2 protein chains.
Amino acid sequence: MSRPQSPEPALNVQGASSIGLGDEDAADGTQHSHRMLSFSDALLSIIATVMILPVTHTDISPEQEFDKSIQKLLATRIAVYLMTFLIVTVAWAAHTRLFQVVGKIDDTLALLNLACMMTITFLPFTFSLMVTFPDVPLGIFLFCMCVIAIGAVQALIMGYAFHFPHLLNPQIQRSAHRALYKRHILRIIFHGPALCFVAAGFSLFFYPASYLLMATVIFLPYVSKAASWCRGRLVGPREPPAHSLEFFTFDLHGPLSKERVEAFSDGVYAIVATLLILDICEDNVPDPKDVREKFSGSLVAALSESGPHFLAYFGSFATVGLLWFAHHSLFLHVRKATQPMGLLNTLSLAFVGGLPLAYQQTSAFARQPHDELERVRVSCAIIFFASIFQFAIWTTALLQEGETLQPSARFGGQEHAFMFAKLALYPCASLLAFASTCILTRFSTAIFHLMQIAVPFAFLLLRLLVRLALAILRALPRLALRPAPTRPAPGGPRDDTCSPLLPAPC
Amino acid sequence: MSRPQSPEPALNVQGASSIGLGDEDAADGTQHSHRMLSFSDALLSIIATVMILPVTHTDISPEQEFDKSIQKLLATRIAVYLMTFLIVTVAWAAHTRLFQVVGKIDDTLALLNLACMMTITFLPFTFSLMVTFPDVPLGIFLFCMCVIAIGAVQALIMGYAFHFPHLLNPQIQRSAHRALYKRHILRIIFHGPALCFVAAGFSLFFYPASYLLMATVIFLPYVSKAASWCRGRLVGPREPPAHSLEFFTFDLHGPLSKERVEAFSDGVYAIVATLLILDICEDNVPDPKDVREKFSGSLVAALSESGPHFLAYFGSFATVGLLWFAHHSLFLHVRKATQPMGLLNTLSLAFVGGLPLAYQQTSAFARQPHDELERVRVSCAIIFFASIFQFAIWTTALLQEGETLQPSARFGGQEHAFMFAKLALYPCASLLAFASTCILTRFSTAIFHLMQIAVPFAFLLLRLLVRLALAILRALPRLALRPAPTRPAPGGPRDDTCSPLLPAPC
C-alpha cells in the first residue's frame, strides 16, 4: 500500500485559484470580482435571450391564416427581441470595459453593480412599450431615462473606485496619469447618456428625432467597430498617437476579455437549451379529460399524438448543444477576442437565441401541415446564420492569427483542419437541407429531421472522417501522378491538391 | 512621460489561468474541463428553476374563488417544481463527483456530456406526466428509463476516461489501484439506475412500489447525508477503514467543489431575477385597444393602473439581488463546502426559486385585494426560509470553522460580525414583516413594500451600523460599571456583554 495521500489536492483542483486569492484580501473588505462578473454575465445573457419567449408563445390557431394582424404581432415581438439583444450586448460590452478598469470590488461596488443590473433588466419593457405604441413618446422617454440611470450608476462605480484606488486595476493604480484616466473613462461612460438626454428632450415635442438618436446609441459601437476594422484591412492599421498606448486597454476599441465572452455565450446557449423543455412541459402534457374521452384512457396513444414535438425537441437540443460545442472548440484555440470577432459572436448568438423559434416552427407541423415548407426553410436559415457567423469568427481570427490564435491552431496544423471541419459541418448541413427542400418539396420535414439526427453522429465521427479525408488527399496525387510520372508541367496550372497540409508530394 | 507599457497584462488578468493552460494540451486533443463544467452548471441550474414558471403562470380569474380545482392544479405544479429541483440537484452533485475524477476532457467526452445533459432536461417532463396522471405508470416508467440512460452515459464517460488514463485526475492517474477505483466509482454510478431498473419492472404490474423506489433514489443521498452528519455530531466522526483514505475524495460523502457550488447557485439566482422581467414584459404592456377605449388614449394613465406590479418587480429584484449578495459574501469566507452545507444551500436555492411566486403574489393585489393578507404572509415565509437556510450554512460552517472557513472570518474577527449582520438582515426583516401583519392587518401591503425598500438601504449602511453597534457594545459595560466600580461579584451571574468581541473590559 502506498503512503496515505491527503485528499485535499484533488478537491481543490477546480477552486484552487479562487481559494488561493480569497483570503489575503478578506481582511480589508475587498474581494476578487470574478464571481460577481460571472453572475452579471449570466444575468445579462439571460435577459438578452429571454425575450424570444413572447415570440415563440404567439398563439396562431389552426384555422387562422397567417394574416396581417398575426404578421404584425410577430414582427413587433421579433423587433423587441432583436433590440433587446443588441442593447444588452452593448451594455454587456460597456460593463466588461468598466471592470477591466476596476480590478477588485467591495460590498458597496457589489451593491452598485446590482443596481446597474436592475436598471438594465428594465430595458426590455421600454422596448415592448415602444413597439406596441410606436407613436406615443412615453416608451422612448423611459428608455432614455433607463440609459441615463445606467450611466449614472456606472459613473458612481467609477468615482468610487477612483476614490479608493486600491480597488483599481494595478496598472492604473501605479500610473502617474490617474486623473487623466478618470476623465477619459468618464467621457466614454457619458457618451450614451448624453445622447439619450437629448433624445429624451426631443421625445417631448418631436419624437422621430429621438428614435434616430436611440438607434445611434445602439448601433454606433457596432458601426464604428465595423468601419474601423474595414479601414484597418484596407489602409492598414492606423498609426497610434504618441500617448495613446496607455489608454488603449480601456478604450472602446480594445479587445474584450476572452473569459467574459465565453461566460456570456455560455449563458445564451444554456438558456436557449432550457427554454425548449419549458415549452414541452407546458404544452405537451395531455389533458386528463382529453385522454379519457378522445383516447379511451390510453396515455400512450395521447402522447404519440405529440410525437413530432419530442423529435423536434431532441433535434433542437442537439443543434443548440453542438453549436455550443463548436463555439467551445473554437474558443479553445483563441487567445484574444478582437472587436470584429466580438461583433460576429454577437450576431451568431442573436441567431442562436432564435433557435426556439425554429423549434416552434418544426414542432407545429402536426397542427399546420400546409405551410411546412416555409417553416423548414426558416429553421434551416436560422441554423445556417447561427453557424456561418461562428465560421466567420474563425476566418477573422485566422486573418490575424499571430495575435488571436494559440500556436497549435495556426494555419497548417492538424488541429486547424479539425477546427475547420467542425465549424463547416452545420453551415454545409443546413445549406444542403435547404437546397434539397427546393428539389424534394414533399419530403422537406423528413429531410430536416434527418439532418438534425445525422449531424451529431457526424460530429462523433469527425476525427475519423478528417483523418480519412487527409489520407485520401495524400494518396490522390500519387495515384494521379503514377500514369504519367515523367511529365513535367512547369508552365501548367498549379496542382490544386498541393497544399501545406500535404507535405509529401510537394 | 513614463515609458509606454504594453496593454497585454491588463487584458489577461481575468483570462490568465485558462490562457496559460490552454495551449500545452491542444496538441493532443485534450482540453481543460473548466468551461464545459460552467456550461453544465448553468444548464442544470436553469432546468432546476425554470419549472417555477408553470406555477406562476397558473391563471386565476378575479371572479373565481380559490377553490378545489385551482388548489389541486397549483399543488401539482408546485410538486413538479420541487421534484425537478431535487432530482436536478442530485444529478448535479453526481456530475460534480464524476468530473472530480475526470480531470481533462476531449471532444468525445464533451459530446457525451451533452448527451447526459439532454437526458437530464427530459426529467421535468416525466414529472409533469406523473403528477398529471398519478395512477398511470407510464410517467414513472419514463422517469426510470431516463435515470438508466443517464447512468449509462455516465458509465460510458467513466469507461472512456479509464481507457485513456491521461484524461483522469492526476492523483488517480498515478495511483497503483486504478482498477479498484474504477470498480468503486462504477458501483456508485450504478446505484441509482439499478434501483430504477427494479422500479421500472414494478411499474408494469404494481406501480406504488416504484414510487417508493423513486423516492429512495431522490431522497437517499439527502437522508444519508443528514444522518451521517447527525451521527458525526453525536458520536464523533467515524474511524475510517485502513484503505479508505484514498477513496475518500471520490466518495458520495466528500465535500463538493466550492467553485461549482457557486456556479450552480449563480445560475439559479440569475434565472430567478430574469423570470420576473419576462412576466412584466408579457403581462404589463397595455393593449392598444384598451388604452384608446378605457383611458381615452393616455398611456400614462393605463400604465399607472399596473403601478403595483412595477413596485413589486423592483422589490423582488432587490430581494433576489441581495440574497445573491449575501450568498456571495458568505462563500467569500468559505474554503470548502461540506455535505451539510451543500444540503442547506440546496434548500435555500429551492426557496429562492420560489421567489417569482412571491412576486406573483404581491403583484396580484391590484386584482384581488380580498386575500392580500395571505399573499403577503406567503411571500414573507418564502423570503424567510430562503434567507434562514443561508444563515444555517454560516452556522454549520462555524461548527467546523477550521476546515471550512478562511482564517479572517473565524469567530471573533470583525469580518465575522459583518457576515453575521448581513445574513441576519433578511430573516429578521421578513419575520418582523410577518409579525406586524398579524397586528396591523390593514396595512400589510404597505408593510411588505416598506420592508422590500428598506432592506437594500440597510445593506448599504450595514458597515456603519455594525461599527456603531460594536462601539455601543464596547461603551455600554464601561457606563454600566461606572456607578459601582468597586462591587466585586465573584459568585454572581456572568456579565452577558463580555464576549470575545469586546476585549477591553474583560
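Here are some notes:
- In range of the label at B:R467: residues from region B:306-341 whose backbone nitrogen is under 20 Å from the point 7 Å along Cα→Cβ: none
- When A:D41, B:D283, A:D106 are sorted by how many other C-beta atoms sit within 10 angstrom of their C-beta, beginning with the fewest, the order is B:D283, A:D106, A:D41.
- Label-to-label distances for B:K68 across copies, nearest first, come out at 5.0 nm, using points 7 Å from Cα in the beta-carbon direction.
- Computed on region A:163-227, with alpha-carbon pairs under 8 angstrom and 6+ residues apart, the relative contact order is 20 percent.
- Per-residue ³J(HN,Hα) for region B:185-198, Karplus 6.51 cos²θ - 1.76 cosθ + 1.60, θ = phi - 60°, Hz, x for Gly and Pro: 5, 4, 5, 4, 5, 7, 3, x, x, 5, 4, 5, 5, 4
- Ranked by how many other beta carbons lie within 10 Å on average, peptides A:302-309, A:422-429, B:138-145 from highest: B:138-145, A:422-429, A:302-309
- Across the identical copies, the label point of A:G159 (7 Å from Cα in the Cβ direction) is separated from its matches by 6.4 nm, in order from shortest.
- Spacing of the two label points (7 Å from each Cα toward its C-beta) at B:L234 and A:F205, in nm: 8.0 nm
- For A:K294, no lysines have a Cα closer than 16 Å to its Cα, not counting residues fewer than 8 places off in the same chain.
- Region B:115-175 versus region A:416-482: alpha-carbon centroid distance in Å: 30 Å
- Exam field: A:D287 pseudo-label spacings to other copies (7 Å along Cα-Cβ), nanometres: 2.1
- Packing-based exposure ordering (other Cβ within 10 Å, fewest first) of B:Y160, A:Y313: B:Y160, A:Y313
- Which listed pairs, of B:K182/B:K336; A:K258/B:K258; A:K68/B:K289, have C-alpha distances above 20 Å, in listed order: B:K182/B:K336; A:K258/B:K258
- The simple spin-label model puts a point 7 Å past each Cα toward its Cβ; for A:V300 and B:A424 those points are separated by 6.1 nm.
- 3J(HN,Hα) along region A:83-88, derived from phi through the Karplus expression 6.51 cos²θ - 1.76 cosθ + 1.60 where θ = phi - 60°, amounts to 4, 4, 4, 5, 5, 5 Hz, with x in place of Gly and Pro.
- Cβ crowding within 10 Å, taken as a proxy for footprinting-reagent exposure, orders B:T89, A:T396 from fewest neighbours to most as A:T396, B:T89.
- Built amide H within the under 5 Å cut-off of B:V102, gap 5+: B:N169
- For B:A337, the amide hydrogen comes within under 5 Å of the amide hydrogens of B:L256, B:K258, counting only partners 5 or more places away or on other chains and with H modelled in the peptide plane.
- Label-point separation in nm, A:A215 to A:A155, each point 7 Å along Cα→Cβ: 2.8 nm
- Couplings for region A:90-105, taken from phi via the Karplus curve 6.51 cos²θ - 1.76 cosθ + 1.60 with θ = phi - 60°, read 4, 4, 5, 4, 4, 4, 4, 4, 4, 8, 7, 7, 8, x, 10, 10 Hz in order; Gly and Pro are left as x.
No lab work stands behind these numbers, since they all come straight from the coordinates. Because the structure is a prediction, the values reported are computed rather than measured. Cβ sites come from the backbone with ideal geometry, for glycine too, and all protein chains shown count toward neighbours.
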